[in-house]
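One structure is given here, and the rest of the page talks about it.
The values are calculated or read from the model by the stated rules, or taken from the named source; none is laboratory data. All values reported here derive from a predicted model rather than from experimental measurement. Ideal geometry is used to build each Cβ from the backbone, glycine not excepted, and the neighbour counts take in all protein chains shown.
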Amino acid sequence: MLVTGCAKPPKSQAILTTQSVGAGGAGVVPHQPMPAKLADAAAEPGREAATAPVSLAGRTLYVETIADLGRLRPGEIILTFDDGPHPAITPRILAILKQYDVRATFFMVGNMARNHAETALLVAEAGHTIGSHSHGHENFVTIGHAASVASVAISEDEIATALRPVGVKPAPFFRFPYLAETRALRADLTDVGFVVFDVDVDSLDYLDQSSDTVLARTLARLDEKGRGIVLFHDIHARTARLLPGFLDALAARGYTVVRAVPKRPALFDMLTVAALR
């Protein structure tokens with residue numbers, strides 16, 4: 001299996017990244033990678049909403065191919081979180097999403113799911129979709145094809161093992177770390193039944209900026225697009241702080257959050273580690 005992700009490569013590298021076809025076509029833009037540490041995960045408590053003003057739950061979108069992601073209507077978003085699960089931050093984000101009746105897609109890093117299996121189970125038990133984001137958030141452009149394939153296969157095993165106690169299997173959804181990919185990797189993932197999620201609105205919430213700055217930028221980009229796949233990370237305290245304000249703003253603007261689920265849930269049973277190797 002192959003995966004995608006989002007961390008920050010060395011400044012000396014020129015990494016090409018893809019933006020989602022979900023809102024009208026793929027583009028190539030520079031992208032920054034995941035911070036080297038999760039330091040801000042323990043910092044500053046978030047502003048959890050006391051009560052949700054309105055349910056933001058939209059329709060369920062059954063996804064079998066990337067073309068299905070392009071069928072988002074104006075005012076619809078898919079909310080995604082990368083790089084977790086994190087035992088301090090992910091539960092806070094889950095609590096906020098519950099208040100607004102929102103179901104998101106969490107692209108988990110395999111070794112994070114293995115090390116924080118109890119937190120991964122919380123995500124599954126809350127009804128969110130879980131995809132994969134590589135074993136260790138490697139840069140697939142630099143580590144080579146064989147190592148990338150191995151990373152995807154390992155991450156699928158790690159996530160599936162973490163979720164096994166509640167009988168949930170990861171969806172055949174993948175996002176490249178750092179959004180750095182090759183055509184060969186994307187083709188291999190597609191060939192074995194994966195749907196690669198790109199990004200329409202990147203919050204850049206890993207940057208060392210205030211929650212207000214990240215919130216304003218994300219809303220501006222979303223208003224420009226009018227729909228699409230939104231990327232946050234559930235390893236940053238600032239993300240938990242800004243999330244209630246973001247969801248309040250979605251409600252005020254008339255957006256709904258679409259729940260993305262596999263069209264054929266049993267597909268994962270047909271995908272084996274051997275198929276990726």
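Against the conditions (1) free of Cβ contacts under 8 Å to residues at least 60 places away in the same chain; (2) polar (S, T, N, Q); (3) touching a His at 6+ places or on another chain (Cβ under 8 Å), where does SER211 fall short? Just the number, please.
Every condition holds for SER211 apart from (3).
Could you give every pair whose Cβ atoms fall below 8 Å, whose first residue belongs to segment 58-81 and is free of Cβ contacts under 8 Å to residues at least 24 places away in the same chain and surrounded by fewer than 24 Cβ atoms within 10 Å (Cβ to Cβ), and whose second residue is outside any strand (DSSP E or B) and among the polar types (S, T, N, Q), counting only separations of at least 6 or pairs across chains?
none
Within segment 71-188, considering only helices (runs of 4 or more DSSP H) that don't extend past its boundaries, which have at least 3 residues that are more than 13 Å from the chain's Cα centre (by Cα) and of a type in the set (Gly, Ala, Ser)? Steps first, answer last, please.
Working: elements: 90-99, 110-115, 117-125, 140-143, 145-163.
The helices (runs of 4 or more DSSP H) meeting that bar are 117-125, 145-163.
Can you name the residue in segment 216-236 that is of a type in the set (Gly, Ala, Ser) and touching a residue at least 40 places away in the same chain (Cβ under 8 Å) and, of all such residues, is surrounded by the fewest Cβ atoms within 10 Å (Cβ to Cβ)? Before you say what the answer is, go through the steps one by one.
Going residue by residue through segment 216-236, those that are of a type in the set (Gly, Ala, Ser) are 216, 220, 226, 228.
Right, trim to touching a residue at least 40 places away in the same chain (Cβ under 8 Å) and you get 226, 228.
Working: GLY226: 17, GLY228: 25.
Looking at the filtered set, the residue picked out is GLY226.
Given the conditions (1) within 22 Å of ALA180 (Cβ to Cβ); (2) at pLDDT 60 or above; (3) surrounded by fewer than 19 Cβ atoms within 10 Å (Cβ to Cβ), and given that ALA88 satisfies all but one, which numbered condition is not satisfied?
The failed condition is (1).
Filter segment 191-207 down to residues that are at pLDDT below 95 and over 30 Å from THR65 (Cα atoms), then give me how many there are.
Residues that pass the stated criteria total 0.
Looking only at segment 195-215, which residues are over 19 Å from ARG259 (Cβ atoms) and either buried (at least 24 other Cβ atoms within 10 Å of the Cβ) or touching a Phe, Trp or Tyr at 6+ places or on another chain (Cβ under 8 Å) (or both)?
Within segment 195-215, the first condition is being over 19 Å from ARG259 (Cβ atoms), and the residues that meet it are 202-215.
Within segment 195-215, SER203, ASP205, TYR206, LEU215 meet the criteria.
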